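Following: one structure in structure tokens, then a few remarks.
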Amino acid sequence: MNRRFIWVIFLIVISLILGFHLGKYYRIAGPQHKILRSGQNKINETLDVINRNYVDTVDINRLSESAVSKIISELDPHSSYIPASDVESANEDLEASFSGIGIQFNMPFDTILVISVISGGPAEKAGLMPFDRIITVNDSTVAGRDISTTKIMRMLRGPKDSKVRLGIQRGNAEKLTEFELTRGDIPNYSVDVSYKVNDDIGYIKITKFSRSTYKEFLTAIAKLKQEGAKGFIIDLRDNPGGYMESAINTINEFLPKGRLIVYMEGRSYPRTDSYSNGKGACQDVPLVVLINELSGSASEIFSGAIQDNDRGTIIGRRSYGKGLVQTKLDLSDKSELLLTIARYYTPSGRCIQKEYELGKSEEYSHDLNNRYMHGEFYSADSIKMNDSLEFKTSGGRTVFGGGGVMPDIFIPHDTTGITSYYSNVVNTGVLYQFSLTYSDKNYDKLNSFGNYQELHEYLKQQPLIDEFADFAASKGIKKRPTLISISKILIEKQLHAFIVRNFFDYDGFFPIILKDDPAMKKAIEVINGGKWNPVISGLYNTSRNNELLYPVEFPGNILK
């Protein structure tokens, strides 16, 4: 009897303990799971009700797409939804290569104009030449029609080894010449150019951080060192970012072993640190990094790591301010979520993400315009950093979080030479259209020069400004002699650079367009003066009296 009583008591106690723990679990987990199921059911239920009862037939798939887009739009400004139809084009810009025909083209006057042919690509093998006009693609006429660039891209790109037929007009020929091309892998370069700006200093322009950036960067560094470069200017202006891994690998080349490069952390993402391994080939070389308001994400990781480790001098204007980390999540229909999962922090511990409110992406997108209207592009005094987000570099300098990387030396925009006439010809594309027309009209002569320097010297002797003014007038832009005289230097420089680019690509374009660039001049001065290390040189505060930055604004050709 006593034994039975003891067993009953034991079972009651065990039941109470189990009940307590199960109750605790359901209080914590149960309602959350219920809410998740309820939310999912509510969306599906609503779509099902509409599909069965709505007065008209509706496209449920389209409604589903809209619903997902709306949900994601309620998050931070950098989370996004990518429909399945757009996934390939959205991702290929940062890939090392894509499948296409290997041309750069532009579309002046509703005609696809081949600007350059990629060496070794399908177009070159088939016999296409610069300034050929693509009139037909397969059985579709594309000339003289209002077809979007996106649609043209989809027509020219395609699976590797697939065929595409092009109807080409060459010169003034009345009949089209048909070419059949087999699409192949086309390299997608992210290092636009590398060259020596003087006997000792090399310049490297990185336009994005793609999968191939690190490899391209090593090639550029090796070439410049072989040519005798002992210091480097890394230009990240207008670089929107890309793959974090590519940026980290590139930064590693400049830091000694054991230096923190960046760390990431999120609610469901434990802190992850990235350190330099000490194997970099440029640990002791003088270094300057150029940034501006369009330098974002991976570019800010690069400049922030260099600045916080006091490894070089940052010159330019305050960067964009993107400190959120996204990852791609595949959905069942092959669409993707680009979801923010963490924030990244520079070595000093600062997050450079600028302020935002959930679901208010449109307001967020106006930030750069607000900066411009506030005068930030012209005066460092107008920039108000958050004093509560103060951090220290490894050398003890003060830096701030919460709104981009502030350069060590500020270079404002320059308004010298910019007139209403200049703005008009740039904004309408007339300036660039003339460079294409002039290059096409004088192709044989311009293509005869052996290097870009010879072509540039030839162009300096030509009455380009007069021809351009006549061309602009034919496009409805009235001649304004006084304004043209004020803007002459700007117009001629861009015309020379664009025309040279049509024959020598960026190898000729950048040396011309950046020849008198104040940020470049200041970078050369800093390196030559031994002031490339901010701690040694005492570059603790932003300079207020530097020369003004010439705004480089130019349209790009499209690589397919």
Self-check item: Candidates per GluC sites (Glu not before Pro) in the stretch 39-125, loop by DSSP, up to 14 other Cβ within 10 Å
Solution: E74, E95
Exercise. Choose one of A298, L255, P270: the residue whose Cα lies farthest towards the positive end of the charge dipole of the stretch 247-310 (beta-carbon charges +1 Lys, Arg; -1 Asp, Glu; about the Cα centre).
Key: P270
Quiz item: Once a ≥ b ≥ c are taken as the square roots of the eigenvalues of the Cα gyration tensor of the stretch 67-120, is the result rounded (a/c under 1.5), prolate (a/b larger than b/c) or oblate (a/b not larger than b/c)?
Solution: prolate
Quiz prompt | Alpha-carbon centroids, the stretch 59-124 and the stretch 275-305: separation in whole Å | solution = 29
Quiz item: What percent antiparallel are the DSSP beta bridges of the chain, to the nearest 5?
Solution: 75
Practice problem: Go ahead and collect, in residue order, the members of the stretch 70-86 whose backbone nitrogen is under 20 Å from a label point 7 Å along the Cα-Cβ direction of N51. | Solution: 70-71, 83-85
Practice problem: Quick one: which residues, 5+ away or cross-chain, put their amide H under 5 Å from the amide H of I186? H built at 1.01 Å from N. | Solution: F98, S99, G100
Quiz item: Within the chain, which DSSP H helices have Cα atoms that stretch 24 Å or more along the helix axis and a mean Kyte-Doolittle hydropathy of at least 0.0?
Solution: 2-28, 481-513
Quiz item: In percent, how large is the relative contact order of the stretch 97-181, given Cα pairs closer than 8 Å and 6 or more residues apart?
Solution: 28
Quiz item: Listed highest first by mean packing, meaning other Cβ atoms within 10 Å per residue, what order do 448-456, 297-305, 109-117 come in?
Solution: 297-305, 109-117, 448-456
Exercise. First measure r as the distance between the Cβ atoms of K360 and N386, then evaluate 1/(1 + (r/R0)^6) with R0 = 30 Å and state the FRET efficiency to the nearest 0.05.
Key: 0.95
Quiz prompt | Candidates per GluC sites (Glu not before Pro) in the stretch 151-200, loop by DSSP, up to 15 other Cβ within 10 Å | solution = E174
Quiz item: Given H placed on each backbone N at 1.01 Å, which residues far from K392 in sequence or on other chains put an amide H within less than 5 Å of it?
Solution: V399
Quiz item: On full extension of the chain, what length is gained from D470 through S85, given 0.36 nm per residue of separation minus the C-alpha to C-alpha distance?
Solution: 134.1 nm
Practice problem: Set the Förster distance to 41 Å, then compute FRET efficiency between L75 and S379 from the Cβ-Cβ distance, nearest 0.05. | Solution: 0.75
Quiz item: Relative contact order for the stretch 349-470: what is it in percent, counting Cα pairs under 8 Å that are at least 6 residues apart?
Solution: 21
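Give the accessible surface of the stretch 184-331 per residue, rounded to a whole number of Å², with probe radius 1.4 Å and ligands, DNA and RNA excluded.
36
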Quiz item: Cα-Cα over 22 Å: which of K151/K215; K151/K328; K70/K334?
Solution: K151/K215; K151/K328
Quiz prompt | Ordering of 430-437, 415-422 by burial proxy (mean other Cβ atoms within 10 Å per residue, highest first) | solution = 430-437, 415-422
Practice problem: Convert each backbone phi in the stretch 410-418 into a coupling constant with the Karplus relation 6.51 cos²θ - 1.76 cosθ + 1.60 (shift: θ = phi - 60°), then list the ³J(HN,Hα) values in order as whole Hz, x for Gly and Pro. | Solution: 8, 10, x, 4, 10, 9, 4, x, 8
Practice problem: Quick one: accessible surface of R62, probe radius 1.4 Å, all protein chains present, in square angstrom to the nearest 10. | Solution: 140
Quiz prompt | the chain, accessible surface, carbon-and-sulfur percent (1.4 angstrom probe) | solution = 52
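The values are calculated or read from the model by the stated rules, or taken from the named source; none is laboratory data. Every value quoted in this text rests on a predicted model; they were computed, and no experiment measured them. Please note: Cβ atoms are built from the backbone with ideal geometry, for glycine as well, and neighbour counts cover all protein chains shown. For the accessible areas, the whole protein counts, side chains as well, though only heavy atoms, and no ligand, DNA or RNA atoms are used. Shrake-Rupley method; radii C 1.70, N 1.55, O 1.52, S 1.80 Å.
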